[in-house]
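The values are calculated or read from the model by the stated rules, or taken from the named source; none is laboratory data. Bear in mind that the values here come from a model prediction, so they are computed numbers and not experimental data. Every residue, glycine as well, gets a Cβ built from its backbone with ideal geometry; the counts of neighbours run over all protein chains shown.
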Amino acid sequence: MNVLHFAQAFFSDGSHWHGRDGIPTRLSEHVKYSLEALLFAAAVGLPVGLVTGHYGRGGNALALIATAGRALPSFGLLVLMFIWIGFGMVPVMIPLVVLAVPPILVTTYEAVRSVDPSPVDAARGMGMPESRVLLQVELPVALPLVLSGLRTAAIQIVSTATIAAYVSLGGLGRYIIDGLYQRDYEKVVGGAGLVAGLALATLVVFWAAARLAVSPGVRRSG
Amino acid sequence: MIRIDSVTKRYPDGTVAVDRLSLDIPDRAITVLVGPSGCGKTTTLRMINRMVEPSEGSILLDGRDIRQQPVNTLRRSMGYVIQNAGLFQHRTILDNIATVPRLLGWSKQKARDRAAELMARVGLDTSLAKRYPYQLSGGQQQRVGVARALAADPPVLLMDEPFSAVDPVVRKGLQDELLRIQDELGKTIVFVTHDIDEAVKLGTMVAVLRTGGRLAQFAPPAELLSAPADSFVEDFLGADRGIRRLSFFSAGSLELQTAPVVSVDADAATLAARAEAAPYLLVTDSDGRPLGWSEPDGLTAGAVDRDRLLDHGRPFAPATDSLRAALDGAVLSPTGWAVAVDGEGRVVGVVSQQVIGEAIRAAHTRVARDSAVKAAR
Ligand SMILES: Nc1ncnc2c1ncn2[C@@H]1O[C@H](COP(=O)(O)OP(=O)(O)OP(=O)(O)O)[C@@H](O)[C@H]1O
Ligand SMILES: [Mg+2]
């Protein structure tokens, strides 16, 4: 038996497509956890990255936070949170958000910093308020990089959200953990395949978002 | 009027960029700030729209301290053009130009109509309206920069080396365009450059700054060229200021001679009569356009060999050109005579180096007398 056979067996088993433990349920749970974590991380990382990038201050502090955030093992953090808080969404969300904030924060900061200073100078000289300089001059030009930071974060969240299963929550991690426990390798391979597929779908979503949101003037010249 | 009153700018690191500068910038004219790199031109310009705050002194706009109004209100009343245009790459040309009207709260449609009008004014084809900046040449981008600065019709225009990043031919086009626009709109323009030729060409008044941000001389360009205040200004003006100064004297008063001019169709009698007039004759075609010079002996009535004529050099137009153009024509002509033409390129006469030399001396005497009169008053 090889991996492909496992996968085929898993996906062709009709019972895997219904009910509490069915693929649609687990997939939507996984997407929901991931989206929530991404929104939280973006709510923190985007504004802080934009403002620090705009004023060009705090780069060193950001680099430190980013390194610390990357060094923290997500699983270790989950166990710690679980011991501390117990069951529930919170101990799952914290490691996911901690994982996702650094790429969003650092990329956004760098993206705004690297915007050509002369349009920014021209905008100020024309009497544009600072908030508009940031949102209407810097952000549209920085957008491709900002989106790439969000994309990196999203992919990491999708693949790490499997840990939710450790604290008895759902998501695609269920198949992997239950499968390993029950020595049901079809389940393990099927779950892993679904996570990989979801990660690819995330890439596609971000590609489409960039096509829609980034001005053709920025896309072609960048 | 913009009055710069004893302004000093000391940057936090201790650099004194501008040192007790006082300047009265006249309305509806181009005032050029010129000087070597680092002499404080940009700093001075940016103090006018408060992109830089003076350490000492004040700047008055029509008698009011510029700090008396909100900074963004002040800036929206002053167009600002910078070296690389600084266009917004994510916006179309039309929306770039519409920026300040939109900031002022105009409707999108009104702002765009105005932007389209300005594209025409600065010589941009309206077919470029929907393009993005990266699809334009450097010269076109600079025109967009000027249009954007003019969009809300501000009374003041601040320009920091706007044409220095384009090649000389395009630069000349942009300069001519600016002079034409200025003729129509009559803005109060402060123009920064490090190119003295550009300063002399564009400026109604020219302020020469020296390193350390001190004013070396503030004068109309002709006066700058004829009477530099000191050796710094003289060196900055360059070696051929005497020649360049001739740009300010019209060639209209030159006494032209028509006797040495003959048509290709001239008959033998005419040729013989004209041969007496001058050592060389200028041959024109039957429309009166110049063909070239010849010694009288080389001409046979009815059979002029055009290939054997000497090149007539570059003609000048007395109605619009300066003594500099006339002298240039004479110096480049193999005979030492310059050819004068009308607006259609038809010969109106010829003039020798000697006559041009006398006109130059007369012009200098006139200027010296005028400034003596002015000084006496
Ligand atoms: N933000 C700043 N902080 C410190 N010093 C500055 C700053 N901006 C300019 N200077 C210094 O002030 C002096 C004048 O600078 P400024 O930019 O006004 O010169 P400039 O005449 O425009 O020169 P250039 O022709 O090279 O553009 C220079 O010595 C420059 O190094
Ligand atoms: Mg400068």
Any idea which residue in segment B:53-64 is farthest from B:ALA17 (Cα to Cα), counting only those that are under 29 Å from the mean Cα position of the chain (by Cα) and more than 16 Å from ligand 1 (Cβ to nearest atom)? B:ASP62
Restricting the search to segment B:1-58, which residues are more than 16 Å from ligand 2 (Cβ to nearest atom) and within 14 Å of chain A (Cβ to nearest Cβ)? B:ARG50, B:GLU53
Checking B:GLU276 against (1) of a type outside the set (Lys, Arg); (2) loosely packed, with under 13 Cβ neighbours inside 10 Å; (3) modelled with pLDDT of 85 or more; (4) not assigned by TED's automatic domain parsing to the domain that holds B:VAL206, which test does it fail? (3)
(1) under 30 Å from B:ASP160 (Cβ atoms); (2) crowded, with 18+ Cβ neighbours inside 10 Å; (3) at pLDDT below 90 all hold for B:GLY238 apart from (2)
Options B:ARG102, B:ARG67, B:ARG112, B:ARG75: the member that is over 30 Å from the mean Cα position of the chain (by Cα), within 12 Å of another protein chain (Cβ to nearest Cβ), more than 16 Å from ligand 1 (Cβ to nearest atom) and assigned to a helix (DSSP H, G or I): B:ARG102
Confirm whether B:GLY35 is within 25 Å of the chain's Cα centre (by Cα), within 17 Å of B:PRO162 (Cα to Cα), crowded, with 23+ Cβ neighbours inside 10 Å and within 16 Å of ligand 1 (Cβ to nearest atom). yes
Output for segment B:207-225, where each listed residue is of a type in the set (A, V, I, L, M, F, W, C) and either away from ligand 2 (no atom under 16 Å from the Cβ) or surrounded by fewer than 19 Cβ atoms within 10 Å (Cβ to Cβ) (or both): B:LEU215, B:ALA216, B:PHE218, B:ALA219, B:ALA222, B:LEU224, B:LEU225
Could you list all residues from segment B:304-343 that are among the basic types (Lys, Arg), within 23 Å of the chain's Cα centre (by Cα) and more than 14 Å from B:LEU246 (Cα to Cα)? B:ARG314
Qualifying residue in segment B:12-21 (condition: away from ligand 1 (no atom under 14 Å from the Cβ), basic (Lys, Arg), in the same structural domain as B:VAL208 (by TED's automatic domain parsing) and assigned to a strand (DSSP E or B)): yes
Kindly state which helices (runs of 4 or more DSSP H) lie completely within segment A:18-122 and contain at least 3 residues that are under 30 Å from A:GLY179 (Cα atoms) and away from every other protein chain (no Cβ under 14 Å). A:23-55, A:74-85, A:90-113
It is to be established whether one or more residues within segment B:162-181 are surrounded by fewer than 23 Cβ atoms within 10 Å (Cβ to Cβ), within 29 Å of B:THR8 (Cα to Cα), in contact with a strand residue (DSSP E or B) (Cβ under 6 Å, 6 or more places away or on another chain) and touching a residue at least 24 places away in the same chain (Cβ under 8 Å). no
Counting just the residues of segment B:154-170 that are at pLDDT below 95 and away from ligand 2 (no atom under 16 Å from the Cβ), which one comes out nearest to the other protein chains (Cβ to nearest Cβ)? B:VAL166
Does B:PHE249 count as in contact with a helix residue (DSSP H, G or I) (Cβ under 6 Å, 6 or more places away or on another chain) and of a type in the set (Phe, Trp, Tyr)? yes
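Residues are listed down the side, and each one gets a yes or a no for (1) β-branched (Val, Ile, Thr); (2) more than 18 Å from B:GLY203 (Cα to Cα); (3) at pLDDT 95 or above:
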residue: B:ALA17; (1), (2), (3): no, yes, yes
residue: B:ARG28; (1), (2), (3): no, no, yes
residue: B:THR44; (1), (2), (3): yes, no, yes
residue: B:MET51; (1), (2), (3): no, yes, yes
residue: B:LEU60; (1), (2), (3): no, yes, yes
Please go through segment A:123-141 and give me each residue that is of a type in the set (A, V, I, L, M) and more than 10 Å from chain B (Cβ to nearest Cβ), ordered by number. A:VAL133, A:LEU134, A:LEU135
A:VAL112 passes all but one of (1) within 22 Å of the chain's Cα centre (by Cα); (2) within 30 Å of A:TYR166 (Cβ to Cβ); (3) not charged (D, E, K, R); which number fails? (2)
On the given criteria, is B:PHE232 outside any strand (DSSP E or B), more than 14 Å from every other protein chain (Cβ to nearest Cβ) and within 16 Å of ligand 1 (Cβ to nearest atom)? yes
